[in-house]
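Input: a single structure, listed below in structure tokens.
Here, each number is a calculation from the coordinates, and none is a lab measurement. Fair warning: this is a prediction, and the values are worked out from it, not measured in the lab. Backbone-built Cβ (ideal geometry, glycine too); neighbour counts: all protein chains shown.
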Amino acid sequence: MHWGTLFDYICKGLDTSAPLAFAALGGVFSEKSGVVNIALEGGMLFSAFSIVWGSIIFHSLWLGLLFAVVIGMAFAAIHAVVTITYKVNQIISGVALNILAEGIARFLSQNIFGQETQSAMNPYSFPSYRGMNVFSLVVIPVAILSWFVLNKTVFGLRLRSVGENPEAADTLGINVTLMRYSGVLISGAMCGLSAAVLYPSRWVSGMTGGRGFIALAAMIFGRWSPIGAVLASLLFGYADAARISFASSIQIPSQFVQMFPYVLAVVVLAGVVGRSRAPAADGVPYEKGED
Amino acid sequence: MPMNAAAAAPSSGGDPAAGSVLLRMEGITKAFPGVVANDKISLELRAGEVLALVGENGAGKSTLMKILYGLYRPDSGEILVRDRTTRIAGPRDAISQGIGMVHQHFMLIPPFTVLENIVLGSETSRLGVLSYAKPRAAAAKLIELNNLHIDLGASVEHLPVGLQQQVEILKILYRGAEILIFDEPTAVLTPQESDELFKTFRQMRAQGKGIIFISHKLDEVLDIADRITVIRRGKVIRTLDRAEATKPLIAELMVGKPVILNVDNPRLPPGPAVLEVDKLGFVNAEGVAALRDVSFRVRSGEIYGIAGVEGNGQSELIRAIAYRTRISGGSVRLLGADLSGLDVRSRRELGLAHIPEDRHKFGLLLSFSLADNFILGSHYKKPFVSVLRTQVRRQIAENARRLIAQFDVRAPSEQTPAHALSGGNQQKVIIAREMSAKPRLLLANQPTRGVDVGATEFIYKQLVEAKKNGAAVLLVSADLDEVMSLSDRIGVMFKGSIIKEFERESATKEEVGFYMMGEKAR
Ligand SMILES: Nc1ncnc2c1ncn2[C@@H]1O[C@H](COP(=O)(O)OP(=O)(O)O)[C@@H](O)[C@H]1O
Ligand SMILES: [Mg+2]
């Protein structure tokens, strides 16, 4: 392999990893606060629609991105209200939101772009370098910032405490509800960022293709730590890039090749799940002791 | 704003205000659906004293303390801290009034370090970024002042229970608490750990703090308390000064009638051996030999007591007898039958009954009704199951009503879920179930842990009753007094072995205690 192609592969891999990494970071914030958010998939999809829509409305990619982040948070807010305030089962809410995201995006696309399954082309885009959307590099400072926030700040300490033992946090005067809302809303914002690196040029129905779930797998493989989640996303992202690069040169039915990242996710998870531990109160709604 | 712990801690050392009233609760009333948990309760706590709060399970002690800590809102009544009426709407208010509480169940974040647990909620920070230098110094000072022994950098989940409790104490001291509430702190401690806790109490008392201490163990109460407030069915019955308090008096005030703590426990001519344990060995998951060469037998008509500091293999021994366990050597025989490889049902069919150490995990199905709990283990047998293998509701309910009456279980009905009962009554349910199976061998593991004196008396009587009916009883208890007063023979367990056996007549508390600490014979 030439140095040139290797470098291309490195860039291409970053490009495929970045959406996973942003979403996985979102998953970390949500789950560290004690809320399982399998609606990452739906959040990514809906944000992906929003960035195209927003860019066209505001004639600016940056405003489009801001719009996508806000919409991602609004979408996550539904999950927060339903699961934190009304204590609905988090998985059920997530499944419902994933279906809802696809439905709303299709509805809006039909009404705005006149086509149900894809939007118009977004004329604004981030510069690309050797096949890589340069916004992908933003994931690195965001990961470091996430690590810092979770581990070095008062907010992070409180957020994590609520995901481990909300009753204890409550008796220390920490607002469990506020912390959990924060965690879920940050995960929504991350979905918005992931839209910037997924494919901001056009929204296509079903375009996330399970990446939200792969991001969850990366979060688990990364042991719920921001840096770990990003490294795991890189593993999955590069596996995917390898699939794309080499699919044509291998004599295997393409369906099998396409399975590769998912099989990798399953194998990796089966290998680590025993050793990796979720926050103790992850997925458990918090009920106050009395009245 | 975080409280300044460094300022709060040592300044009270000189303590000019010793004896002044720190806290007054007046006419506190709190009703839950169906019960008045606190009925016009009034009490007073002074600086530099330990006030013991005693009462049967369900008397309302925890409720009163949760009101004081702001977790429950009282229906009526007043709380005065240093003579000022205060409204305590939540833990935050309580903390800012200098009230701290060590809960019955610890309120810790297990993966966090000790220091993180201490600062949580009262962090020191600049622009939202945590700073640990000052908290570390303040905590280190508090550790030194209060006879604590904790490493601030250790993660809490790896600490033994006694040290986790110290973290809880440190947490509230760090917040500048002057009024410290301890809800049954010794229930989870070994006797040695309890002694350490009382040393800490004495140091805090000398600093002029006020301590409210809830316990079922009257010996401890008499050991540490300056005054004793007795609560029965939500009402304060009386407050005793240490000087006038005796064990029988407290017990009588608690229960409302004289309690006989010394059971009538005649020695019977022993029958044939029922349980024979021979050279039993067991290696636990960490690869440590938890049992080595354990040999003893328990005969029909006797109670064999295992004395020992907790964690010396007692739990493993009971496990090897009660459950199918991969033992590393030796044998366990019940009425001559080798138990190895037998599942629990076969063991029970042979006549085994078991009062487990952890009644919530292994003794009951907490969300099931009492009626269903009463038939666990015999649910597949005749009166409870029809020809079509369906459960016979009427028989199950009748059985439950009979046992509730016979064993004096205090419950609204047989359909009440088990979790709604107090600890003592839950234990009675288990004992009723196990005794009604007419066992040949009864394993009683910590049967009175966390149970009040009234229920304790009842449980003692049941164990003696079992022995009179010809059962062999194996009793394990961390409470040496309990082992001494119930057992016909005593085996002392140390580091996985029975290092000494006593006949009841020749055993003295000092000597048994001596072996419990692992001392070799003189
Ligand atoms: N949250 C609650 N809801 C309903 N009843 C309760 C609750 N907490 C306590 N009780 C009832 O109040 C009474 C007093 O309980 P508690 O204060 O826990 O007693 P104690 O600590 O003295 O054993 C009991 O009858 C108990 O069942
Ligand atoms: Mg209690």
Review point. Which whole-number percent of Cα pairs in segment A:3-275 have a distance greater than 35 Å?
Key: 14 percent
Exercise for review: May I ask which residue of B:Tyr132, B:Gln104, B:Asn312 lies farthest towards the positive end of the charge dipole of chain B, with charges of +1 (Lys, Arg) and -1 (Asp, Glu) on Cβ and the Cα centre as origin?
Suggested key: B:Gln104
Point to revise | At R0 = 41 Å, FRET efficiency that the Cβ-Cβ distance of B:Ser295 and B:Arg389 yields, to 0.05 | key: 0.45
Exercise for review: State the number of lysine pairs found in chain A whose Cα atoms come within less than 23 Å, restricting to pairs 8 or more positions apart or on distinct chains.
Suggested key: 4
Review point. Calculated from DSSP H runs of 4 or more alone, at -39500 (n - 2.57) each and per residue, what is the 222 nm mean residue ellipticity of chain B, nearest 500?
Key: -9000 deg cm²/dmol
Exercise for review: For a footprinting-style exposure proxy, rank B:His105, A:His2 by other Cβ within 10 Å, fewest first.
Suggested key: A:His2, B:His105
**Study point:** Kirkwood Rh, Cα atoms: Rg over Rh of segment B:97-188
**Key:** 0.95
Revision key, fill the gap. Distribution output for segment B:273-516: share of Cα-Cα pairs per 10 Å bin in percent, first bin at 0, values 7, 31, 36, 20, 6, 0
Review point. Working from the pairwise distances between different alpha carbons, so that the mean of 1/r is found and then inverted, what is segment B:20-255's Kirkwood radius in Å?
Key: 18.2 Å
Check your understanding: For B:Lys509, which aspartates and glutamates qualify as cross-link partners when the Cα separation must be under 18 Å and same-chain residues fewer than eight apart are set aside?
Key -> B:Asp195, B:Asp219, B:Glu220, B:Asp223, B:Glu310, B:Asp479, B:Asp481, B:Glu482, B:Asp488, B:Glu501, B:Glu519
Study note, to complete from the structure: Expressed in nanometres to one decimal, the distance between label points 7 Å along Cα→Cβ at A:Ile227 and B:Arg202 is 4.8 nm
Review point. Arranged from highest to lowest average of other beta-carbon atoms within 10 Å per residue, in what order do the peptides B:316-326, B:277-287, B:439-449 appear?
Key: B:439-449, B:316-326, B:277-287
Check your understanding: Which ³J(HN,Hα) values, rounded to whole Hz and listed in residue order, are derived for segment A:219-235 from phi using the Karplus coefficients 6.51, -1.76 and 1.60 in 6.51 cos²θ - 1.76 cosθ + 1.60 with θ = phi - 60°, glycine and proline given as x?
Key -> 4, 5, 4, x, 6, 6, 10, x, 5, x, 5, 5, 4, 5, 4, 5, 4
Check your understanding: Given H placed 1.01 Å from N in the peptide plane, which residues other than close sequence neighbours of B:Val274 have an amide H under 5 Å from its amide H?
Key -> B:Val298, B:Arg299, B:Ser300
Review point. Karplus couplings for segment A:59-73 from phi (6.51 cos²θ - 1.76 cosθ + 1.60, θ = phi - 60°), rounded to Hz, Gly and Pro as x?
Key: 6, 7, 5, 5, 5, x, 5, 4, 4, 5, 5, 5, 5, x, 5
Study note, to complete from the structure: Among segment B:193-215, those whose backbone N falls under 19 Å of a label point 7 Å along Cα→Cβ from B:Arg84 are B:209-210
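Provide the percentage of antiparallel DSSP beta bridges, counting only those with both residues in chain B; round to the nearest 5.
So the antiparallel bridges amount to about 55 percent of the total.
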Revision key, fill the gap. B:Val161 and A:Ile10 label points (each 7 Å along its Cα→Cβ direction) are spaced in nm at 5.6 nm
Exercise for review: Return an integer: the convex hull volume of the alpha-carbon atoms of the protein assembly as shown, in Å³ per residue.
Suggested key: 228 Å³
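For a quick protection proxy, order the peptides B:368-375, B:465-472, B:337-344 by their average other-Cβ count within 10 Å, most packed first.
Highest-to-lowest ranking by the protection proxy: B:368-375, B:465-472, B:337-344.
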Check your understanding: Roughly what % antiparallel, to the nearest 5, for the DSSP beta bridges in the protein assembly as shown?
Key -> 60 percent
Review point. Ranked highest first by the average count of other Cβ atoms within 10 Å around their residues, in what order do B:169-177, A:118-126 fall?
Key: B:169-177, A:118-126
**Study point:** Alpha carbon centroid spacing (whole Å) that separates segment B:316-387 from segment A:3-45
**Key:** 50 Å
Check your understanding: To the nearest whole number, what is the average tally of beta carbon atoms from other chains within 10 Å of the beta carbons of peptide B:101-108?
Key -> 2
Revision key, fill the gap. The long-range amide H neighbours of B:Arg238, using H built 1.01 Å from N in the peptide plane and a cut-off of under 5 Å, are B:Val230
Revision key, fill the gap. HN-Hα couplings for segment B:21-30 via Karplus (6.51, -1.76, 1.60; θ = phi - 60°), in whole Hz with x for Gly/Pro, come out as 7, 7, 9, 9, 10, 10, x, 6, 10, 8
Review point. On average, how many beta carbons from a partner chain sit within 10 Å of the beta carbon of a residue in A:163-176?
Key: 6
Revision key, fill the gap. Amide H proximity to B:Lys500 below 5 Å, modelled H, separation 5+ or other chain, gives B:Val492
Review point. Among A:Ser60, A:Ser233, A:Ser254, which one moves the most in a GNM of chain A with springs linking Cα atoms closer than 10 Å?
Key: A:Ser254
Check your understanding: Mind checking which of A:Ser146, A:Ser182, A:Ser276 has the largest fluctuation in a GNM of chain A, springs on alpha carbons under 10 Å?
Key -> A:Ser276
